[in-house]
Protein chains: 2
Amino acid sequence: MATLSQRHVVIERSQLPDLCVGCDSRAASVCNAIEDRDMARLAAITTSSEAPVGRVFIQEGESADNFFNITLGTARLFKLLPDGRRQITGFVGPGHFLGLAVSDTYAFSAEAMEPVRFCRFSRPRLRVLLDDFPALEKRLLEVAATELVAAQEQMLLLGRKTAVERLASFLLAQSVMGVPCGHPRAHLTLKMTRGDIADYLGLTIETISRTLTRLRNERLIDIPSTTDVIIRNHAALVNLAGGLNRSPTA
Amino acid sequence: MATLSQRHVVIERSQLPDLCVGCDSRAASVCNAIEDRDMARLAAITTSSEAPVGRVFIQEGESADNFFNITLGTARLFKLLPDGRRQITGFVGPGHFLGLAVSDTYAFSAEAMEPVRFCRFSRPRLRVLLDDFPALEKRLLEVAATELVAAQEQMLLLGRKTAVERLASFLLAQSVMGVPCGHPRAHLTLKMTRGDIADYLGLTIETISRTLTRLRNERLIDIPSTTDVIIRNHAALVNLAGGLNRSPTA
DNA sequence: TGGCCGCCTTGACACAGATCAAAAGGATCG
DNA sequence: CGATCCTTTTGATCTGTGTCAAGGCGGCCA
């Protein structure tokens, strides 16, 4: 298992005067709540760091001193049971804000799946910033509310859906990832392993593999390579998934 | 199945000048973020209503026009699959704030388990209030963050824990409900049925019943009546539950 | 007081998904 | 180009929990 990062690569502010103004992932992140002219204040409390693949840069149970904002790469968020069983609670990419916990320790761990770059804010400093920029706070509330809704959807999946239903839901969710509105993508390139998918959906690697094969045999998807999935029958998947976000007619 | 409320009992503001100032559940709710002197403004946009047992006063998928704040009674929050499978996402009591969804429809339903009284705010009106009272917004963010952490814990439970582990976790959670700090209660009076517990833990009624019996046979709990549970071996339950919020030593 | 009805418990059996095992890809590296 | 290692696939079997079924208990109402 990957160990907690000992030392982050710190990019000096002086080297990057436009750290926040020119940030690639700003549009997608909570930072878009701050105007250009106030960006200096944001940049002033930010430290940009990175974590190589496999590094656990947030560790469940450790003192929650910082907030994070992913700017590059992907990470898995997860919780562990004492015997090592793992539940992945999400996959996060650029723009994602981490560390909203009120408690003084992190409630989950975060591990880089690709090389990850992120901004770090200390708790007290962010607090000051929030006082000065109500828009930022509003944005955080939005983010939290959105994640809460997603979490509830995931509880439905984990508590009540069958293996096929879980996989169908997962593939559909992947197909709209990062597509704010408009058509879902038919071609997916998965950044996670079967093991990750299993730990995200509350199943085993073998069940993931078998169920994907089954969906392929039934012509709902194609699997040109291990990491690529093509959705061939979107409607059938939606049906299997339990009609994403339908209004119950019962 | 209970039908959506047709008509709420509306209490006129003029009849209750101290609607918010004297509110019993104010201390426990987000409203405590507002000073006494500003309570009039809060009361001005609030409508107090009630729902009898079994009434679904929030319906998943319907237009999310209001926010709610429970002041009395208990409700179950849940999501349904088209074929009727139900996942209960939480049990909420006085002080609980509902409707944080960003989307324009509710993401879950809420049904009264006991007669429920609640305050209702319209979305736009609350928005105005939030602009005027940053402290309220801060409080909401706290609430959302807390619920998010709880949701992640529940995902771990639903995705990775066995039946005994789920029940142990549930009983322990019940034992600290409403006990902010200090000793957990040993004597629990459950407000929910076995069916509710099953739908909350992602199991069936039969498994709940069998597992409770098993815990009783092993002297970890007593079950003096259907609704009462006495925790006899707290440490053993914690152990079974997977060490609530331990820091992983792996 | 007795009958009804809903909830809970218990038992027998079934099955979805887990576990165990082995082989097949596919990447990396000397 | 082969060796090694890791991930994925597939097969065989097992098992925890679901399903089906039958009582039991308690509350409520007439």
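Bear in mind these aren't lab numbers, they're just calculated from the coordinates by the rules spelled out. Note that the structure is predicted; figures quoted are calculated from it, not measured. Cβ coordinates were reconstructed from backbone atoms using ideal geometry, including for glycine residues, and neighbour counts include every protein chain displayed.
Taking a point 7 Å out from the Cα of residue A:47 in the direction of its Cβ, the residues of the stretch A:113-143 whose backbone N falls within less than 20 Å of it are A:116-130.
With +1 assigned to the C-beta of every Lys and Arg and -1 to the C-beta of every Asp and Glu, and no other charges, what is the dipole magnitude of chain A about the Cα centre in debye, to the nearest 20? For this selection, approximately 640 debye. For the pair residue B:32 and residue A:204, label points projected 7 Å from Cα toward Cβ lie 4.7 nm apart.
Counting every other Cβ atom within 10 Å of each residue's Cβ, B:200, A:106 order from fewest to most as A:106, B:200. Scanning chain A for long hydrophobic helices, with DSSP H runs required to stretch 15 angstrom or more by C-alpha along their axis and to average at least 0.0 on the Kyte-Doolittle scale, returns A:134-160, A:163-176. Across the stretch B:30-57, the residues whose backbone nitrogen lies under 13 Å from the label position 7 Å along the beta-carbon direction of residue B:72 are B:48-53.
Under the definition of partner shielding as Cβ atoms of other protein chains within 10 Å of a residue Cβ, what is the mean value for peptide B:92-102? Across B:92-102, the average partner-chain Cβ count within 10 Å equals 2.
Averaging the Cα positions of each part gives two centres, and for the stretch A:221-236 and the stretch A:162-218 these lie 9 Å apart.
Excluding the sites themselves, what is the longest stretch of chain A that contains no GluC sites (Glu not before Pro) in a DSSP loop with at most 11 other C-beta atoms within 10 Å?
No qualifying site falls inside A:36-250, the longest such stretch.
3J(HN,Hα) couplings calculated from phi for the stretch B:98-105 with the Karplus curve 6.51 cos²θ - 1.76 cosθ + 1.60 (θ = phi - 60°) are, in sequence order, 10, x, 5, 3, 7, 5, 8, 10 Hz; Gly and Pro show x. Panel values: the stretch B:13-146, Kirkwood radius from alpha carbon pairs, Stokes-Einstein at 10 °C and 1.306 mPa s, translational diffusion coefficient 104 µm²/s. So the label point goes 7 Å from the Cα of residue A:223 along Cα→C-beta, right? Which residues of the stretch A:193-208 then have their backbone N under 13 Å from it? Within reach of a label on residue A:223, which here means backbone N under 13 Å from a point 7 Å along Cα→Cβ, the stretch A:193-208 contributes A:193-195, A:197-198, A:205-208.
Taken residue by residue and averaged, Cβ atoms of other chains lying within 10 Å of the Cβ of A:83-90 number 5.
A straight Cα-to-Cα reach below 21 Å connects residue A:138 with the lysines B:138, residues fewer than 8 places away in its own chain not being considered. The distance between label points at residue A:181 and residue B:85 comes to 3.2 nm (points 7 Å beyond Cα on the Cα→Cβ vector). Taking amide H atoms as placed 1.01 Å from N in the peptide plane, the amide H of residue A:113 lies under 5 Å from those of A:54, A:74, A:75, A:76, each 5 or more residues away in sequence or on another chain.
Entry note: the protein assembly as shown has Rg to Rh equal to 0.96, where both radii use alpha-carbon atoms and Rh is the Kirkwood radius.
Place a +1 charge on the Cβ of each Lys and Arg in the protein assembly as shown and a -1 charge on the Cβ of each Asp and Glu, then give the dipole magnitude about the Cα centre in debye, rounded to the nearest 20.
Around 1140 debye, computed over the protein assembly as shown.
Along the stretch B:58-75 the Karplus relation, 6.51 cos²θ - 1.76 cosθ + 1.60 evaluated at θ = phi - 60°, assigns HN-Hα couplings of 10, 10, 3, x, 7, 4, 8, 8, 10, 10, 10, 9, 5, 10, 7, x, 9, 9 Hz to successive residues, with x for each Gly and Pro.
When averaged across all projection directions, what area in nm² does the alpha-carbon convex hull of chain A cover?
15.2
Every helix of 4 or more DSSP H residues in chain B counts as -39500 (n - 2.57), and over all residues that averages to -10500 deg cm²/dmol at 222 nm.
Above 15 Å, the calculated P(r) of the stretch A:127-223 contains 70 percent of its Cα-Cα pairs.
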